[in-house]
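First comes the structure, then the notes that go with it.
Bear in mind these aren't lab numbers, they're just calculated from the coordinates by the rules spelled out. The model shown is predicted, which means the values in this text are computed figures rather than measured ones. Cβ sites come from the backbone with ideal geometry, for glycine too, and all protein chains shown count toward neighbours.
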Amino acid sequence: MDMKMFPEMTEKMKMLLMDIIAALGQLPVEQRGYIFGFEGEEDMDWVLAVAEFIALEFIKYSFDYSDPEYPLRHFFENVNDDSERMTQSRTMKYVLKYKKREIERKGDDLPANHKFADLDMDTIDKRLKGRRLTEMNYYEHQNIHDLELIKAIVERRIVSSKKVSNAHFQEMFEQYDKLVESLIERSKLSDKDMVFASLALFTLEWHYPLEMFYELSCLMEEEEIDSVDQDSLILTCCSVSIESRFGGWYSTDSRMVKERMMILPYLFGKKTRDFERETMKSLIKEILVVIVQFTELMGANDGGTYKDWFRKESSIEDWASFFRFYDIFAIWQKKEWTRKRIQNVRYLFDMTLLEKN
């Protein structure tokens, strides 16, 4: 593959992509053929799409590792303002309630030393002292509390027109769209801002598939689709456990937020036959398995993992160059709402917000 195709990227990012593509080529023949085979040949566009997402995972790991933690007071506008301390304390308690629920929904109970485990500290001072957040953590938490749309999702009010009217539904999405527009503008300021803004939108769409559900709601309206397969929906945007056809069980979050937009018509379209849908679901599962295998196990020449080699050797300049090429913001679009599209989005959240309040 000609790396001249990616002029935006630094040489290190080009090398990373080449390494991933080469490693994908070393998969067992049957597994590689099943995932990437098309009419007897490898579909290099699909190979590149998977390699790009694995690269994104390495960047997110590196960014999370390098993002320093601060006491909650670090983010106060006025550290001596008791009213702000009280407000931030209430915000943190609200956010942690729903974050803890989300984490526990994915698996076992939280260990006693988990940062979200203890929500009942006696005093405000202890609560504030005990919480250390990165800038990204704080940004995520503020979104959960401040964005009406996210609050309506985590509280499960989004599914009910009695709790959220259609007019308020549109107002909440307008607030969310303004947030995304602010991230797009921030991404233009510097390498650091490009990386932060890109990962912020990636994380938001990973946890709350707003763009995917809008795109799918439009497809449902256009093709007069009244219902979708719940297993397929969960597979594209939720936490999943997968038994690979090539052996082993894998648990992961399905968070290919850009790539999944391409497959919606094939997975949910009215013209898709049942056997084609089942084949697509099996393919998605095996791609998610490969991503887990590569991001956790891919080795480097120094004997460690590739993700740790990349973390130590790459820079924010490399990461920013990737995001200028990858363009996570391409998933976002201005919304044009109809009554049917709103109804469809409510339905999709109802299918995926499985826990009750």
- prompt: Out of segment 231-330, which trypsin sites (Lys or Arg not before Pro) are coil in DSSP terms and have no more than 15 other C-beta atoms within 10 Å?
  reply: 245, 270, 271, 273
query: FRET efficiency for residue 132 and residue 230, Cβ-Cβ distance as r, R0 = 41 Å, nearest 0.05?
result: 0.60
- prompt: What residues of segment 333-353 lie in the reach of a label at residue 161, counting those whose backbone N is under 13 Å from a point 7 Å from the Cα along Cα→Cβ?
  reply: 338-347
Efficiency of FRET between residue 97 and residue 29 - r from beta-carbon atoms, R0 45 angstrom, step 0.05: 0.40
- prompt: Viscosity 1.002 mPa s, temperature 20 °C: Stokes-Einstein D of segment 221-357 from its Kirkwood Cα radius, in µm² per second?
  reply: 120 µm²/s
task: Report the Stokes-Einstein translational diffusion coefficient (µm² s⁻¹, integer) for segment 190-259, Rh taken as the Kirkwood radius over Cα pairs, at 10 °C with viscosity 1.306 mPa s.
output: 112 µm²/s
- prompt: Cα-Cα over 22 Å: which of 188/312; 271/340; 14/334; 97/178; 97/334?
  reply: 188/312; 14/334; 97/178; 97/334
- prompt: Average projected area of the Cα convex hull of segment 276-357, in nm²?
  reply: 10.2 nm²
